[in-house]
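Take a look at the structure set out below.
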């Protein structure tokens, strides 16, 4: 069971005198237990419980028992049309995707839907949610093998269609080593949006790299245009920055505000969108940095 993507409109959640009130009823829960700054990120579950996203993970409030349960550290991954999926890395080269266990016996807890590990020949695993395909949540697990003698990296990719607990269909996919998926809403019409890595600029001016798509039905990738790169402005040293997404992306604006540094507000350029119909790429790159000097 996944928390809804939008902050809860089914309940009135507010902080009064440093205490959490739900539907105008005091819960006895202190503000510091569920708030980040003064922001409360509350998301409804369809069984009436409420999930709170906090900096270290999450907690779940059960109105039946009036109990708040710590569900532990986890990443919250937005999945369009489904809700917030949880991701954990319990150990090196292991990635788990989880939901909130619908069993309300005892404290609320997360339930593992699928656990990805590196292949027998691989020495590194990269994995993540990439979107929705025919209504089903989709992830990719890439097992990488690096040969130090030849200085070559090979990848074995698996596409995972996660319909529910113990209901996962898999198939092999092939991706060039330097292409990576762009986020958790990267699929449109059986096409996976990608960006070419390893071609980042120096972080001090304009640069570009390829945007590409993988045909999930026929296989094969093709470049659709150039994505413009940028750099960070709020770091001591500028770093390369790039974002590529479908123009109708349904998840990026739903990231809850933690009151911390928002990278997108501290970048110069590097934002790109791809039209899902024409596949045209539009974006803006970095402006040349201006350096001043007090030297005579």
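The values are calculated or read from the model by the stated rules, or taken from the named source; none is laboratory data. Everything quoted here is computed from the prediction, not taken from an experiment. Neighbour counts are summed over all protein chains in view; Cβ atoms, including those assigned to glycine, are modelled from backbone coordinates with ideal geometry.
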Looking at (1) surrounded by 14 or more Cβ atoms within 10 Å (Cβ to Cβ); (2) under 22 Å from residue 80 (Cβ atoms), which one does residue 134 not meet, given that it meets all the others? (1)
Answer yes or no: is there a residue in region 258-277 that is more than 21 Å from the chain's Cα centre (by Cα) and at pLDDT 90 or above. yes
Taking region 134-155 only, how many residues are assigned to a strand (DSSP E or B) and either under 20 Å from residue 247 (Cα atoms) or within 22 Å of the chain's Cα centre (by Cα) (or both)? 10
The one condition in (1) in a loop (DSSP other than H, G, I, E, B); (2) more than 26 Å from residue 248 (Cβ to Cβ) that residue 95 fails to fulfil: (1)
When every residue in region 40-71 that is within 24 Å of the chain's Cα centre (by Cα) and exposed (fewer than 15 other Cβ atoms within 10 Å of the Cβ) is compared, the one farthest from residue 90 (Cα to Cα) is 46
How many residues are surrounded by fewer than 20 Cβ atoms within 10 Å (Cβ to Cβ) and closer than 11 Å to residue 110 by Cβ if we restrict to region 72-90? 4
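In the list 211, 282, which residue meets the criterion of being surrounded by fewer than 19 Cβ atoms within 10 Å (Cβ to Cβ) and either over 27 Å from residue 83 (Cβ atoms) or modelled with pLDDT under 70 (or both)?
The match here is 282.
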